[in-house]
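Just so it is clear, none of the values below were taken in a lab; they were calculated from the coordinates. Not measured: the values here are computed from a predicted model. Cβ: placed from backbone, ideal geometry, glycine included. Neighbour counts: every protein chain shown.
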Amino acid sequence: MKMFELIRDHIKDIKKIVFVTGAGISQESGIPTFRGKDGLWRNYNAMKLTTIDAFYDNPKLVWEWL
């Protein structure tokens, strides 16, 4: 069986498909990137934000950032 036929047979009844892509797609879609000019890592200190104390102080921010 050829590769594409095998894939077709496995996904023909699937209702939803998710594609994982790189930052270039995110940026083009208007989703903030991590390392870009206005990236999320420029606005927050990752070493401080990814602690349990940061989560307790502002769980919404930490959850959205992660």
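Here are a few things to note about the model shown:
- Here the dipole of the chain is about 160 debye; that uses its Cα centre as origin and unit charges on the Cβ of Lys and Arg (positive) and Asp and Glu (negative).
- Inter-site label distance for LYS15 and SER29 at 7 Å from Cα along Cβ, in nm: 2.1
- Taking 0.36 nm per residue of separation and subtracting the Cα-Cα distance, full extension of the segment from GLU5 to PHE55 would add 13.3 nm.
- Over 13 Å [Cα-Cα, the chain], rounded percent: 73
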